[in-house]
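Have a look at the structure below before the remarks.
The values are calculated or read from the model by the stated rules, or taken from the named source; none is laboratory data. Quantities reported herein were computed from a predicted structural model and do not represent experimental measurements. We place every Cβ from the backbone using ideal geometry, glycine too, and count neighbours over all the protein chains shown.
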Amino acid sequence: MCNVVYFNGKFSKFSEAMTNIEDRGYQFGDGIYEVIRSYGGVPFKLREHLERLERSAEGIRMYLPWSIEGLEKICMEVLNRSKLSDADIYIQVTRGTAPRNHTYSEDIKPNLIIGAKKAKDLSEKREHGVKIILAPDVRWKKCWIKSTNLLPNIMAKQQAKEVGAFEAVQYEEDGTVTEGGSSNVFAVFNGTIVTPSLKHNILPGITRAVIIEKAAEEGINLEEGALNVEQLQEADEIFLTSTTMEVMPVVRIEEKVVGKGKPGEIARKMQEVLLK
Ligand code: PMP
């Protein structure tokens, strides 16, 4: 079992793959990415992730010279070569390599990385629930694009880490909650799940979409709407979702206890049905 990466046609270990210092991803963060989990050697929602990658590419006017089927094949080859059962598959496409200039020419060739690493086991964190902090959302207005340009997310998540919190949940100037630094947010009020709608400058999370679907199947009421920080503080339950976190219960917002101070029933239920 080892980490394996495909980089522009060649397979190697992550530590051995080298890029050019004039890669626009390196110099400008001019790139897009996806993270996909595999369970028992089977990627979860691979096609949905690749479709979002295509939308991100369109969003930054990058032409992807690979079909979804072609990318799927490389993902599977990387996964098989890694021999990992539970892996995080990382896909990154940067606009390409060229002498440093903000503008680019249309014929630039994108650089593709597809790698697999052993997935972290977060089950213990999920068992106890985590603490979050609240942080102003200072990102750009196109957060539906999964860009490698992640400075605001890095700053917010680092701030969380420094006070022993797991995630930073971001909010707009008017107090409207958007999403975590690398997760979507859900709150529960009297048995109804509320999550910020896609109008709120968030990433359309693949896990978020699965939760919406599963809540309907389970007969749990779910509303995509608006959520502000005051409401979030009063929620009976809060949970975060992402490919790597799955469903992560939140038990504290900074020093304030959420609900009963332990993972809620609805979060548990959603985790239980997520992969079914
Ligand atoms: N929002 C942001 C900002 C993220 O980085 C992520 C994780 N990539 C998510 C939400 C969750 O998305 P997904 O469920 O597709 O992993």
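Output the number of residues of segment 1-14 satisfying the condition of being in contact with a Leu (Cβ under 9 Å, 6 or more places away or on another chain) and within 17 Å of Glu72 (Cβ to Cβ).
Just the residues of segment 1-14 that are in contact with a Leu (Cβ under 9 Å, 6 or more places away or on another chain), to begin with: 1-4, 6-9.
In the following step, the residues that additionally are within 17 Å of Glu72 (Cβ to Cβ) were identified as 4, 6, 9.
Of the residues in that region, 3 qualify.
Taking the criterion of being out of contact with any helix residue (DSSP H, G or I) (no Cβ under 7 Å at 6 or more places or on another chain) and away from the ligand (no atom under 11 Å from the Cβ), the only residue of segment 174-185 that qualifies is Asp174. Here Lys118 fulfils each of the conditions (1) more than 16 Å from the ligand (Cβ to nearest atom); (2) closer than 19 Å to Ile60 by Cα apart from (2). Entry remark, segment 15-63: residues being touching a Leu at 6+ places or on another chain (Cβ under 8 Å), hydrophobic (A, V, I, L, M, F, W, C) and not in a loop (DSSP other than H, G, I, E, B) number 5 in total.
Residue count for segment 64-90 under the criterion of being under 24 Å from Ser242 (Cα atoms), surrounded by fewer than 18 Cβ atoms within 10 Å (Cβ to Cβ) and of a type in the set (Ser, Thr, Tyr): the result is 1.
Quick check on my filter: what residues within segment 200-248 are away from the ligand (no atom under 16 Å from the Cβ), over 22 Å from Asp174 (Cα atoms) and surrounded by 15 or more Cβ atoms within 10 Å (Cβ to Cβ)? Of everything in segment 200-248, those that are away from the ligand (no atom under 16 Å from the Cβ), over 22 Å from Asp174 (Cα atoms) and surrounded by 15 or more Cβ atoms within 10 Å (Cβ to Cβ) turn out to be Ile220, Asp236, Glu237. Only one of the numbered conditions (1) outside the structural domain of Tyr26 (by TED's automatic domain parsing); (2) crowded, with 22+ Cβ neighbours inside 10 Å is not met by Lys141, and that is (2).
Of the residues in segment 1-42, how many are of a type in the set (A, V, I, L, M), more than 20 Å from the chain's Cα centre (by Cα) and surrounded by 13 or more Cβ atoms within 10 Å (Cβ to Cβ)? Number satisfying all stated conditions: 2. Any residue in segment 148-163 that is among the charged types (D, E, K, R), within 15 Å of the ligand (Cβ to nearest atom) and buried (at least 19 other Cβ atoms within 10 Å of the Cβ)? Looking through segment 148-163, at least one residue is among the charged types (D, E, K, R), within 15 Å of the ligand (Cβ to nearest atom) and buried (at least 19 other Cβ atoms within 10 Å of the Cβ).
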